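What follows is calculated from the coordinates using simple rules that are stated; it is not laboratory data. It should be emphasised that the depicted structure is a prediction, and the values quoted were computed from it without experimental measurement. Glycine also receives a Cβ, built like all others from the backbone with ideal geometry; neighbour counts cover every protein chain displayed.
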Amino acid sequence: MVVSSLLCVTLEVCDPSGTRKPSSLKNLHLPVPPREFTLALFETADLPLFLRISGAIVRDIARGRLRPGDPLPGTRTLASSLGVHRSTVVAAYAELTSQGWLEAQRGGATSIARVPPEVTPRRFAASADLRERVPSRTSYTVERAPAAALTLPEVNRGDLLLWGGAPDLRLIPDELLTRLARAYGRAAHQHGGVLFGYTREVRGHPRLRAALAELLSNARGLAAGENSVFVTRGSQMALELIARALISPGDVVAVEALGYPNAFNLFRRAGARLLPVLVDAHGIDVAALTRLHAEHPVRLVYVTPHHQYPTTVTLASARRAALLDFARKERVAIVEDDYDQEFHYDGRPVLPLASADPHGSVIYVGTLAKIFAPGLRLAFVVAPEPLLARMDHERVLLDRQGDQVLECAVAELLEDGEVQRHVRRVRRVYQSRRDTFCDALDAGLGDKVAYRRPAGGLALWAGVSHGIDVEAWRNSARKLGVHFQIGRQFSVDGRSVPCARFGFALLDEFEIPRAVCRLRESLPAKASR
């Protein structure tokens, strides 16, 4: 049952002339209306009603709904809400106060004790039925996926992040943020009555889809139109919708043996069986994939061909053709996660796999996180209509729609070329940081790590010398305030991999040498000799 809240009233006072006017509430001390409060009382015939009320309150404390210091409604209010006599609630409160669960406040108010006793009730928990219904925080088990989720580490002031894949938000100019804010305001002012409501455009606002289609066509070579673009809240949602639409429990999903653990976990949650495929200096081994498919028919292949995640290698042209041919012949779907297409520094940019796919085998996933800001939560999928139609249904169940006002604002910046100009600026900065980092790494750790200078992306992949415990190195470096990733974090089965991933995009030319110096200082004792 719900405790009714007090009605709001308008106070009026008279000024010296006798004219009535609304009073200033600034200096008035009005009673605070009680918040809504519900209690679930189990039908337990062998317990008095006041103990059932006591037990319900303790259950809410145990599960965290009621926290230390939270106020409880008055006895009259709760009695009226529950349809019981006030003396019953008084008895319940008295019982809980005597046991230390509640505290009496000045003025007769009652609140949850600041330091409650143990989370299981005492005398009124004598009933086995009630005891079983009081949950503890360890009364259930959550099945965990083998791969640990990839999240940002906890950092302290002055720490240095060699964290791969994250853009430096310090590079976003104030002018660009101002333009975004103004574009958001214009969209809200001109179309707010529509954009702030529900919409049938579950694929994203048509204006943003059209702007993205033009970007994909001009810069990435995709034959994409507005109707083939599906906007999502980040690439993780894009992968989630694809998995929901395509994968059934027991389906085999082939993944790169080293890859993106958050995607691994997502496919596992969909019921897929993940089988790893070797990755070498030329990308995923398509011949090995073909052999795998012969033994275990593959439903979907998840790849990062432009800059393989995390090794940064680019899928060789012969293997690109072989992979597309394999998908066409075997009717296997390919999910291409193109997370950093814009950042290619050496030689000609390599176009997405989807740009060479005339048969609709490739489901293309892109993001604005790296080229603008991750916090915008904007990504997109380009796929054949039958798949998009199934994603429509899953989107409604999961999230219904995106932020239409934000999508319109970002579309305006894309139409005006603001985002594209920003990309060109930061590409030069990241290339310079890559070179600075590689030079510093050669000078400070050239005898401890081996790597190939990446042609693009925001990180590099390095093998460590034999005898270096890379996990111990990572932990030691944390104590000195520098954070990097290790190979095991990207392994499908969590096996140890003697490699490290260093992101260079988050640090400038002055911070990079300090980070490498700390890396050298944090080497395990045996390795530093």
Task: Residue among Leu413, Leu315, Val332 farthest towards the positive dipole end of the stretch 174-415, charges placed on Cβ - done: Val332
- [ ] Find the centroid of the Cα atoms in the stretch 222-266 and in the stretch 93-114, then give the distance between the two in whole Å.
- [x] 52 Å
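Quote to one decimal, in nm, the extra length available between His393 and Ser248 on full extension: 0.36 nm per residue of separation minus the C-alpha distance between them.
Between His393 and Ser248, full extension yields 50.6 nm more.
Please report the relative contact order for the stretch 294-352, taking Cα pairs under 8 Å with a sequence separation of at least 6, and give it as a percent rounded to a whole number.
44 percent
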Open item on the list: Suppose R0 equals 25 Å. What FRET efficiency, 1/(1 + (r/R0)^6) with r the Cβ-Cβ distance, do Ala281 and His359 give to the nearest 0.05?
Closed with: 0.35
TODO: Provide the gained length on full extension for the span Glu175 to Val115, in nm with one decimal, where the gain is 0.36 nm per separating residue minus the Cα-Cα distance.
DONE: 16.6 nm
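Between Ala443 and Arg182, what's the calculated FRET efficiency when r is the beta-carbon distance and R0 is 45 Å? Round to 0.05.
The pair Ala443/Arg182 has a calculated efficiency of 0.50.
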Open item on the list: Could you work out how much longer the chain between Arg400 and Arg291 gets when fully extended? Use 0.36 nm per residue separation minus the Cα distance between them, nm to one decimal.
Closed with: 35.2 nm
Task: Radius of gyration, Dmax [the stretch 174-415; alpha carbons; angstrom] - done: 18.1, 59
Task: Antiparallel DSSP beta bridges within the stretch 174-415, percent to nearest 5 - done: 35 percent
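For a quick check: sort His466, His359 by the number of other beta carbons within 10 angstrom, fewest at the front. Present the calculation step by step, with values, prior to reporting the outcome.
On the way: His466 7, His359 12.
Starting with the residue having the fewest Cβ neighbours, the order is His466, His359.
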Open item on the list: If packing is taken as the average number of other Cβ atoms within 10 Å across a peptide's residues, how do 387-394, 501-508, 209-216 rank, most packed first?
Closed with: 501-508, 209-216, 387-394
TODO: Sort the stretch 316-399 into rounded, prolate or oblate with this rule: let a ≥ b ≥ c be the square roots of the eigenvalues of the Cα gyration tensor; rounded if a/c is under 1.5, and if a/c is not under 1.5, prolate when a/b is larger than b/c, oblate otherwise.
DONE: oblate
